[in-house]
Amino acid sequence: MHPVFSVVKKTCTPNMKHAMKVKEDHRAQRPQGSNKKLSVHPVFSVVKKTCAPNKEQAMSEANIQRLKNKTTLKEILEVATEFERTARDFYAALAPKVRKDIRWLVEELAEEEQEHYDLFTGLAARDDITEQLKAEIERPVSDNRFSDCIHTPDLGENPDDQAVLQYALMREDAAMQQYHALAQSTPPGAIHDLFLFLANEETKHKVELEKVYYEVVHSGGV
């Protein structure tokens, strides 16, 4: 261990005897009768520098964290578009594998995700929102969970009805929370209106899925 770190380790912990001994030894080196002011012992210089809180570093870390919590509306739209695209592809591939009892539902989910995808791509192509897309907003608390849903699971070749419905419910809930949060944080305009519309849509879908889930589970369909 480097000598400096050894000194810091000893002096940053409560050790009064050690500190007093260092002070007395340093005083003993002072010429008798001398009025010369003692210089600060190197040990205390090291401790003062290494143990004092670094306010600049703390502020820098806070600024970095604040920047991480910021994102642009353009990035938000890109993630949302990918969320809807992967959901559409997932349900479209899943439909032929599920039982006929819920196939209609999976096909309906695929169609709904396609509609949402079209709304996002159509909005991104508009010239009148170019400047608005550059605006920065706080990342919603729900953002990580929402983004994770871009990665879809493999439910196998014979997916269980309950597993399918549980996953669909989880996605609807993640989308509902994300779009509600974005509707509240975006300024009035086309982007805000779309998030509000989708938030209400996802809320309705979640309620409908919960009804189907209850019917399937309690009718012995799983």
TODO: Within the range 68-100, track down each residue that is farther than 18 Å from Arg126 by Cα and of a type in the set (A, V, I, L, M, F, W, C).
DONE: Phe83, Ala87, Phe90, Ala92, Ala93, Leu94, Ala95, Val98
Open item on the list: Cβ-Cβ distance below 6 Å, separation of 6 or more or different chains: which pairs start in the range 106-125 with a residue that is at pLDDT 95 or above and in a helix (DSSP H, G or I) and end on one that is buried (at least 17 other Cβ atoms within 10 Å of the Cβ) and of a type in the set (Lys, Arg)?
Closed with: Ala110/Arg88; Glu113/Arg88; Gln114/Arg88; Tyr117/Arg85; Tyr117/Arg88
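Return yes when Leu155 is surrounded by 13 or more Cβ atoms within 10 Å (Cβ to Cβ), more than 24 Å from the chain's Cα centre (by Cα), not in a strand (DSSP E or B) and not hydroxyl-bearing (Ser, Thr, Tyr) and no when it is not.
Working: surrounded by 13 or more Cβ atoms within 10 Å (Cβ to Cβ): yes; more than 24 Å from the chain's Cα centre (by Cα): yes; not in a strand (DSSP E or B): yes; not hydroxyl-bearing (Ser, Thr, Tyr): yes.
In short, yes.
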Open item on the list: Just to be sure before I move on: is Thr71 assigned to a helix (DSSP H, G or I), polar (S, T, N, Q) and over 18 Å from Glu157 (Cα atoms) in the structure I sent?
Closed with: no
- [ ] Starting from residues that are of a type in the set (Ser, Thr, Tyr) and under 14 Å from Ala80 (Cβ atoms), keep the ones in the range 183-222 and report whichever is surrounded by the most Cβ atoms within 10 Å (Cβ to Cβ).
- [x] Thr186
Task: Failed condition for Thr130, given (1) β-branched (Val, Ile, Thr); (2) surrounded by fewer than 16 Cβ atoms within 10 Å (Cβ to Cβ); (3) at pLDDT 90 or above - done: (3)
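Yes/no matrix, rows are residues, columns are (1) closer than 23 Å to Thr203 by Cα; (2) surrounded by 15 or more Cβ atoms within 10 Å (Cβ to Cβ); (3) of a type in the set (A, V, I, L, M):
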{"position": "Ala80", "(1), (2), (3)": "yes, yes, yes"}
{"position": "Glu84", "(1), (2), (3)": "yes, yes, no"}
{"position": "Tyr91", "(1), (2), (3)": "yes, yes, no"}
{"position": "Pro96", "(1), (2), (3)": "no, no, no"}
{"position": "Leu109", "(1), (2), (3)": "yes, yes, yes"}
{"position": "Tyr117", "(1), (2), (3)": "yes, yes, no"}
{"position": "Phe120", "(1), (2), (3)": "yes, yes, no"}
{"position": "Glu172", "(1), (2), (3)": "yes, yes, no"}
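The values are calculated or read from the model by the stated rules, or taken from the named source; none is laboratory data. A quick note: this is a predicted structure, and the numbers were derived from the prediction, not measured. All Cβ positions, glycine included, derive from the backbone under ideal geometry; neighbour counts span all protein chains shown.
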